[in-house]
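**Student:** Below are the structure tokens for one structure; questions will follow.
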Amino acid sequence: TMAHSKALLVLENFIGGKFVPCSSYIDSYNPSTGDVYCRVPDSGREEVEAAVKAAKDAFPIWSSKSPWERSQILNKLADLIEHDLEAFAQAESKDQGKTITFARTVDIPRAVYNFRFFASSILHHTTECTEMATMGCVHYTSRTPVGVAGLISPWNLPLYLLTWKIAPAIACGNTVVAKPSEMTSVTAWMMCKLLEKAGVPHGVVNVVFGTGAKAGEALVCHPDVPLISFTGSTLTAQQITEKSAPHCKRLSLELGGKNPAIIFDDANLTQCIPTTLRSSFANQGEICLCTSRIFVQRGIYSEFLKRFVAEAKKWKVGNPSDPAVDMGALISKEHLEKVRSYVKKAQAEGARVLCGEGVDSLALPAGNQKGYFMLPTVIAEVKDESCCMQEEIFGPVTCVVAFDTEEEVIKRANSVKYGLAATVWSSNVGRVHRVAQRLQSGLVWTNCWLVRDLNLPFGGMKASGIGREGAKDSYEFFTEVKTITIKH
């Protein structure tokens, strides 16, 4: 086994500006082959303690820098990641199972942009001031960084979502202890190698690798970490809320979705079908914003279904490093089993699986036979009460159902515990606004999907989370506001 482990990539924690080996490690798999390809530190209380101490020590110097100084460092880091874009994309694809195309065009460019965006936005915030002339008083607010931020990011968009937290946290003058998912830690570790060159002082960004149960819990329970920003499942968020309650921590929780697409009979299907395929199956359906319930008005239901299934069958599933492939592997064997079990449940309930899992056969290249692959799967005639319509599946599975009226579809779209994103397809402007107003959803896209302006609030309603992120929202979360009154 010694010779075997030599060939594997071995990651180390990054604490106080240095890579630190760990006493125990976890295996990380390449989802497209099913082989172990990397060893990730299995950190716990001790490692988190060291990282929090390093972050605390770095806080006075970092927080006293001007926004302009911090901005220049963030821009430098963005340049360095961009310079290594191809290496980062390759690593992300191999570690996560996503296609090289998706990593190259979405994940890594967005990680770069996250740093550039907050490097810029931090320079343009203003504070408030009011006058009470009759009392001879002036009031103004000041915003200061909070301290050590605990950042926990998921496995679906690893560097993309980690940088969406790190960038605003450090732009505002906080120091951080980040814990990426143990399943996808490689790009975070690669980023750590660039921090010193970018001019990030030691201890400003610390990365501790490991599981949620050990490393995550230690971070959430640490008394010197006043803020936690978490992206992941609603279940884990409940545990974070409970464990952080005794410390009165500030929480930003970006959770799951069961996102509806509502397609009215006046929708432009030429645009709607390719976009809805993407919104259902992009990144193997492993995006919290993916569409998993498609409501189609009865007049166009059969035409939509016929065309949608025909296009879904054209999607090529296979080796993620093949540029001709549309969909890669799911994150893990366990996750693949979970996603498949939903398809089986739907069949047992009498729903029709029109293509994909259990219906079509999947031909894989020789090296990928043991990978965690699954075809884009479309299910029709599912009841609204079915777990397939109520629970987040987080895989390449979407359910298509018919509806008759606007009133009815709004009610049905809102009948789940989640409320993250929704898409509406219609060429009637009045209807678009009416429906968007009434959907219980943090984001509503009309005649498009995943078009983001990072200035604007991002986040969910109901079980999809607490808080919002964006230029202004992230600034508010990562700073403490104080009101000062001066009588003259």
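**Student:** From the list Ala78, Ala87, Ala91, which residue is under 24 Å from Phe281 (Cα atoms) and among the small types (Gly, Ala, Ser)?
**Tutor:** From the options Ala78, Ala87, Ala91, the qualifying one is Ala91.
**Student:** Which strands (runs of 3 or more DSSP E) does region 248-366 wholly contain that include 2 or more residues that are over 22 Å from Asn428 (Cα atoms)?
**Tutor:** The qualifying strands (runs of 3 or more DSSP E) are 250-254, 352-355.
**Student:** Restricting to region 165-197, what's the tally of residues that are part of a helix (DSSP H, G or I) and open to solvent by 10 Å² or more (accessible area, probe 1.4 Å)? Explain how you work it out, then say what you get.
**Tutor:** To start, the set of residues in region 165-197 that are part of a helix (DSSP H, G or I) comprises 165-171, 186-197.
Filter once more, keeping what is open to solvent by 10 Å² or more (accessible area, probe 1.4 Å): 189-190, 193-194, 196-197.
Residues meeting the conditions: 6.
**Student:** While we're looking at this one, here's another question. Looking only at region 130-148, count every residue that is among the hydroxyl-bearing types (Ser, Thr, Tyr) and either in contact (Cβ under 8 Å) with a residue 24 or more places away in the chain or open to solvent by less than 40 Å² (accessible area, probe 1.4 Å) (or both) and tell me the total.
**Tutor:** Here the count works out to 4.
**Student:** Then there's this: State whether one or more residues within region 204-211 are surrounded by fewer than 22 Cβ atoms within 10 Å (Cβ to Cβ), closer than 28 Å to Glu334 by Cα and among the β-branched types (Val, Ile, Thr).
**Tutor:** There is at least one residue in region 204-211 that is surrounded by fewer than 22 Cβ atoms within 10 Å (Cβ to Cβ), closer than 28 Å to Glu334 by Cα and among the β-branched types (Val, Ile, Thr).
**Student:** Another question about this same structure. Can you go through Val416, Val432, Val397 and tell me which one is more than 26 Å from the chain's Cα centre (by Cα) and either over 23 Å from Leu277 (Cα atoms) or not assigned by the TED database to the domain that holds Leu235 (or both)?
**Tutor:** One residue alone meets the criteria, Val432.
**Student:** Then there is this: Does region 172-189 contain at least one residue that is within 19 Å of the chain's Cα centre (by Cα), modelled with pLDDT of 95 or more and among the acidic types (Asp, Glu)?
**Tutor:** The answer is yes, given that some residue of region 172-189 is within 19 Å of the chain's Cα centre (by Cα), modelled with pLDDT of 95 or more and among the acidic types (Asp, Glu).
**Student:** Let me ask something else. Mind telling me which of the residues Thr270, Thr211, Thr231 ends up being of a type in the set (S, T, N, Q) and farther than 16 Å from Asn156 by Cα?
**Tutor:** Values: Thr211 fails: farther than 16 Å from Asn156 by Cα; Thr231 fails: farther than 16 Å from Asn156 by Cα.
The match here is Thr270.
**Student:** Being under 25 Å from Lys345 (Cβ atoms), open to solvent by less than 70 Å² (accessible area, probe 1.4 Å) and modelled with pLDDT of 95 or more is true for just one of Gly467, Gly419. Which residue is that?
**Tutor:** Result: Gly419 is the single residue among Gly467, Gly419 that is under 25 Å from Lys345 (Cβ atoms), open to solvent by less than 70 Å² (accessible area, probe 1.4 Å) and modelled with pLDDT of 95 or more.
**Student:** Further, regarding this structure: Could you count how many residues in region 16-70 are acidic (Asp, Glu), touching a helix residue (DSSP H, G or I) at 6+ places or on another chain (Cβ under 8 Å) and open to solvent by 80 Å² or more (accessible area, probe 1.4 Å)?
**Tutor:** Result for region 16-70: 1.
**Student:** Among what's in region 144-164 and is part of a helix (DSSP H, G or I) and hydroxyl-bearing (Ser, Thr, Tyr), pick the residue that is nearest to the chain's Cα centre (by Cα).
**Tutor:** Initially, region 144-164 is screened for residues part of a helix (DSSP H, G or I), giving 158-164.
Cutting the leftovers down to hydroxyl-bearing (Ser, Thr, Tyr) gives us 160, 163.
Details: Tyr160: 7, Thr163: 10 Å.
Across region 144-164, the extreme among qualifying residues is Tyr160.
**Student:** Now, a different point. Return yes or no: is Tyr25 at pLDDT below 95, in the same structural domain as Gln96 (by the TED database) and over 30 Å from Leu123 (Cβ atoms)? So that I can check it myself, show each step before the final result.
**Tutor:** Numbers: at pLDDT below 95: no; in the same structural domain as Gln96 (by the TED database): yes; over 30 Å from Leu123 (Cβ atoms): yes.
So Tyr25 fails the test.
**Student:** Right, next: What number of residues within region 23-46 satisfy the criterion of being in contact with a Pro (Cβ under 7 Å, 6 or more places away or on another chain) and within 15 Å of Thr211 (Cβ to Cβ)?
**Tutor:** 1
The values are calculated or read from the model by the stated rules, or taken from the named source; none is laboratory data. What you see is a predicted model; the values in this text were computed from it and never measured. In this analysis, Cβ positions are derived from the backbone assuming ideal geometry, glycine residues included, and neighbour counts consider all displayed protein chains. Accessible surface is based on the protein model in full, side chains and every heavy atom, while ligands, DNA and RNA are left aside. Shrake-Rupley method; radii C 1.70, N 1.55, O 1.52, S 1.80 Å.
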